[in-house]
Structures are given as structure tokens and as C-alpha cells.
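Have a look at the structure below before the remarks.
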Amino acid sequence: MPELADKRLLITGSAAGIGRGIAELAIREGARVVISDIDDAAARRTAEEIGAAGVANCDVTDQQSVEAAVAAAEDILGGIDVLVNNAGIEVASPLAAQTVDSFDRIFAVNVRGPFLVTNAALPALTRSKGNVVNIASVAGVGGSPLLGSYCATKAALIQLTRVYAVELRPSEIRVNAVCPAFADTSMVDRLRVDFEAATAASFGDLVAAKQSRLGTVEDIAEVACFLASDRAAWVTGSHYVLDGGLTAS
Ligand code: NAD
């Protein structure tokens, strides 16, 4: 029996990168998936390429657009069993040099976004006794130079995960987070350029020394899909660190 047979998933930021990887694995594991992204054309292309059930796009920072997307996803799928809060952005800047606008934007996407989408999906998740998987980061567990505001948003997302888990336990809704180190997506392509410009060190050497190699979207999708599945029935309020040993050393 596939791990996610008949599960209905809504995944934000799933036109590309980790969100797309989770969508692809979930579909292989028997799920029906709605792709949601701020990039309409990319979302439609991805949905067609991977055989998703449909598209329900939104900007996760915008309450009206979030509520419309969640309603559309429910219509397409006939309910929602799993919400994956994956949409996120990065900013590479020393905190002292960061503009207020970019600080506010990263909190809007990475923290307000999961808050808005989770609340919008709660009626559906309550009906299905479903679960939420938040894509946080190892940057929410430890500090990293140049990623101060990003670290703060991901620490906030881990805390949202814990408190939602406790508050939603009476409704039998599980809420967990995944905390990957650097993984091979366009976000890391951008960060590589920013890090090398700021430090003159080799990003590849840094990754090899600290986490052995870049993560793959499949590394992350495996754990996200496990948490989404009934195999994780007793797992809630947890955050799973996937980092090639980074935080162990
Ligand atoms: P990515 O930039 O490759 O993809 C992010 C997707 O989110 C894009 O399709 C983008 O259009 C979408 N998006 C951006 N802003 C949005 C918004 N306001 N509303 C809806 N969609 C929006 O990034 P990725 O590496 O795949 O990252 C996905 C998640 O994983 C993020 O939350 C990121 O912080 C987290 N993460 C990434 C890494 C990594 O190394 N790549 C490590 C740890 C955690």
C-alpha cells in the first residue's frame, strides 16, 4: 500500500524546489496534490509535468488570496488531509545592513504566510483530522552569519509548529516541521553567490566541511512525506533536523 494512498495534499510554494519535490514523491506514494505558488505560469507547468490534481495559486502573505486558494484546493480535492507550508524566501545580509522593508517581507512570507494558510485550512483539516508539515530550516535551530532575519523567521516557524500542535491536539490535527540544511534548489544557487561575494570563501568547501554535501529535494521529501503519513500517527509538535550532521558537530 503506498504511504500516502488517497491523501489530499495542498503544498504552498510548490512550483519549484523542495515543494515540487514533496509533490512529486507524494504523488508517487498515491496522494492527490494541489500545487500552489505565487508564480502562476510555473505552477501550471509543474502541475502538468508531475500529474498534480490541480492548481490553486496565492501569495501566502495575502489573506484574501490565501483563503481563495484554500477554498479552491478543497473544491479540487474534495477536502484537505495535509497542508505543507513550504513557500519561503531568503535574504542574505548582515542584520546591521538589512533594510526594514526586506526584514518585513521575509517575516511576511516565512511566518505570516504559514499562519494565514494554516488558519485558512483549519476547517478542512478539522473535518479530515489531517496534519500540517512546516518547512522550517536548520537556520531556525542555530544562528548563521548573513542569514539573521531568515534564522529568526525559521525559529518563529518552529515555535508556531509547537504551539499549533498543542492547541490542535484536541482536534486530532498533527503539526510538525522539517529543518533542512542547504539543499540543491534555486534558493541555494542565489545564496552561493551572496555568500561568496560577502566572504570570499568557497561555498562548496563550506558545505562539504559542515554538512558533507548539499541535501537533495528527495532527502527532504522523504521525511516530509513520512510526517504527512499515518505512519507518523504519534508524532506531533516535533521538528526533524536534516543536515548531514551539521548540528551534531
Ligand atoms: P525556491 O526559491 O527554490 O522555491 C520557493 C518557491 O516558493 C518558489 O516556487 C516561489 O515562487 C514560491 N514563493 C515565494 N514566495 C511566495 C509567496 N509569497 N507565496 C507563494 N509562493 C511563494 O526555494 P526552496 O529552496 O525550494 O525552499 C522551499 C522552502 O524550504 C522554503 O521555506 C525555504 O526557506 C526552505 N528551506 C530551503 C533550504 C534550501 O537549502 N534550499 C534549506 C532549508 C529550508
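The values are calculated or read from the model by the stated rules, or taken from the named source; none is laboratory data. Everything quoted here is computed from the prediction, not taken from an experiment. Because the Cβ atoms are built from the backbone with ideal geometry, glycine has one as well, and the counts that use them run over all protein chains shown. The accessibility values were calculated without ligands, DNA or RNA, using every heavy atom of the protein model including side chains. Shrake-Rupley method; radii C 1.70, N 1.55, O 1.52, S 1.80 Å.
Starting from the 7 Å offset along Cα-to-Cβ, what nm value, one decimal, do you get for the label separation of Arg169 and Ala197?
4.7
Based on C-alpha coordinates, I'd like the Rg and Dmax of the chain, in Å.
17.1, 52
Taking +1 at the Cβ of each Lys and Arg and -1 at the Cβ of each Asp and Glu, which of Ala43, Phe103, Ala5 sits farthest along the dipole of the chain towards its positive end, judged by Cα position relative to the Cα centre?
Farthest towards the positive pole: Ala5.
Taking the Cα centre as origin and putting +1 on Lys and Arg beta-carbons and -1 on Asp and Glu beta-carbons, what dipole magnitude results for the chain, to the nearest 20 debye?
560
Relative contact order of the chain: what whole-number percent is it, with Cα pairs under 8 angstrom and at least 6 residues apart?
Worked out over the chain, it gives 20 percent.
Using label points projected 7 Å from each Cα along Cα→Cβ, tell me how many nm separate Leu206 and Asp75, to one decimal.
Between Leu206 and Asp75, the simple spin-label model gives 4.5 nm.
With every protein chain present, what is the per residue accessible area of region 132-210 (1.4 Å probe, Å²)?
Averaged over the residues of region 132-210, the accessible area is 43 Å².
First measure r as the distance between the Cβ atoms of Asp40 and Gln64, then evaluate 1/(1 + (r/R0)^6) with R0 = 22 Å and state the FRET efficiency to the nearest 0.05.
Rounded to the nearest 0.05, the efficiency is 0.85.
Under the rule of -39500 (n - 2.57) per DSSP H run of 4 or more residues, summed and divided by the residues of the chain, what mean residue ellipticity at 222 nm is obtained, to the nearest 500 deg cm²/dmol?
-15000 deg cm²/dmol
Leaving out ligands, DNA and RNA, what percent of the accessible area of region 133-212 is carbon and sulfur, probe 1.4 Å?
Its accessible area is 55 percent carbon and sulfur atoms.
Looking at the chain, identify the longest residue range that excludes and avoids all trypsin sites (Lys or Arg not before Pro) in DSSP loops having at most 16 other Cβ atoms within 10 Å.
1-128
So, with +1 on the Cβ of K and R and -1 on the Cβ of D and E, and no other charges, what is the size of the charge dipole of region 30-72 about its Cα centre, to the nearest 20 debye?
220
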